[in-house]
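The values are calculated or read from the model by the stated rules, or taken from the named source; none is laboratory data. Every value quoted in this text rests on a predicted model; they were computed, and no experiment measured them. FYI the Cβ positions are ideal-geometry reconstructions off the backbone, even for glycines, and counts take in every protein chain you see.
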Amino acid sequence: MGTSFSTLLQYVSQSSITQLFLFITVFFIYGWYNLDTDIRIMINTNSNRSLLLFLLGATSPLYTLLQFTSVPAFLMAKLVSVFDLLMDGMDIEKHIDYGTAFISSSKMLNRFFGYLILLGPTAIIIIFAFVAFYINVILYRMPWGAIMDATTDWISHTSIRQTTSPKSPPISHHIFTSFLNISYRSVLYVIFITEIFIGIILLFLFIGNVFYVRFANNSTNMAAAGNFRTILFLGLLTFHILSLIELRWALKRWDHSSRLILYIAVATMEMAILNGYMWITAVNHSWGLNYQPFLVIFVNTIIRGIMIAIVIAIRWNMAEMSHPTRTRDATEIYDATADLDNDGDHEDDIPTIYEMRRDVFT
């Protein structure tokens, strides 16, 4: 019984569901841009740094590049190897059955407890998040935006970002403006059309997988693996459609940079899922490596990486356009040589100094 239970914990409780959940929460819901700003404030980075410190420091763009490419790809490879192992297809269910066989004679009851352990870490995170939300928003009446700000310690309610400082443009913005002379709106429209075709491909993959599982295959293990892929395609297709809607509104109104965050998250995870599957396909052989999937990984990372980098630059540009941009010198408002005492009877026709900030989400 001890061996069975230890096997269950080894293969189930350490699955990548929790890591993927935390990655998406920290990197996309909280935001990689906020995380980078918090790190810069906490370590008090100096703008005049050497190239070596710039590339190897805590705010290195290389780390951000790996966070968008390698980290989610390996997390998805771990998820695929557990839930959709290409050799068999349902290894996770076998581990659950083997590890919970001592509980009762009912396989359904045993699997209930097994999947409860599997989803336990994620459930604990969600429950504590709701508790923290209730305490901060309902009891302490904190604004919604304040509860997502980073603090100096766990119990502190004081954000480390007390002052608003202009965010430096991303490297993708410098590269784009240096090599291309195309408007961001035109490039975003091209990306929008490209993502429509990718969405059509996802739709055909989803429909084809459903028919394959139901009619073309009689193997129980492969059918179970196909069910996992069906759920995966359904989730990707749903979020892909939502991201297309947000892209359409961003093109139409060009107002809130937050509309692009969902697309960046969805495109990153789609790239990671394909790279994860290709990694498993390349190394899951006893005779050696299969090199063709590595070419798919390279091409997929380059194409989707460029698209994501451009949208990140567009997001920064859209946020900066919503900042106050039109200022007037004091001499334009008041004439230094004029008799100001005579202006007392005049109407207050002082021009607007700042434009109102429109982007309430940045």
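Kindly establish whether residue 12 is in a helix (DSSP H, G or I), buried (at least 16 other Cβ atoms within 10 Å of the Cβ) and either of a type in the set (Gly, Ala, Ser) or at pLDDT below 75 (or both). Judged against the criteria, residue 12 is a match.
Within region 87-103, no residue that is on the phi > 0 side of the Ramachandran plot and not assigned by TED's automatic domain parsing to the domain that holds residue 119 sits with its Cβ atom under 8 Å from a residue that is modelled with pLDDT of 65 or more and surrounded by fewer than 17 Cβ atoms within 10 Å (Cβ to Cβ) at 6+ positions apart or across chains. Of the conditions (1) touching a Gly at 6+ places or on another chain (Cβ under 8 Å); (2) at pLDDT below 80; (3) not charged (D, E, K, R), residue 240 satisfies every one except a single condition; which number is it? That leaves (2) as the condition not met. Screening residue 287 against (1) more than 21 Å from residue 253 (Cα to Cα); (2) of a type in the set (A, V, I, L, M, F, W, C); (3) outside any loop (DSSP other than H, G, I, E, B) leaves a single unmet condition, (3). Taking residues in region 61-83 that are farther than 14 Å from residue 19 by Cβ and polar (S, T, N, Q), and partners anywhere that are at pLDDT 85 or above and crowded, with 16+ Cβ neighbours inside 10 Å, the pairs with Cβ atoms closer than 6 Å and at least 6 places apart or on different chains are 69/301.
Using the structure shown, decide if residue 209 is in a loop (DSSP other than H, G, I, E, B) and either within 23 Å of residue 82 (Cα to Cα) or modelled with pLDDT of 95 or more (or both).
Values: in a loop (DSSP other than H, G, I, E, B): no; either within 23 Å of residue 82 (Cα to Cα) or modelled with pLDDT of 95 or more (or both): yes.
No.
Within region 231-277, the set of residues being β-branched (Val, Ile, Thr), surrounded by fewer than 18 Cβ atoms within 10 Å (Cβ to Cβ) and touching a residue at least 24 places away in the same chain (Cβ under 8 Å) comprises just one member, 241. Residues in region 68-90: is at least one surrounded by fewer than 17 Cβ atoms within 10 Å (Cβ to Cβ), in a helix (DSSP H, G or I), modelled with pLDDT under 80 and out of contact with any helix residue (DSSP H, G or I) (no Cβ under 6 Å at 6 or more places or on another chain)? No, region 68-90 contains no residue that is surrounded by fewer than 17 Cβ atoms within 10 Å (Cβ to Cβ), in a helix (DSSP H, G or I), modelled with pLDDT under 80 and out of contact with any helix residue (DSSP H, G or I) (no Cβ under 6 Å at 6 or more places or on another chain).
Just to be sure I understand, how many residues within region 91-113 are at pLDDT below 80 and in a helix (DSSP H, G or I)? Residues meeting the conditions: 9.
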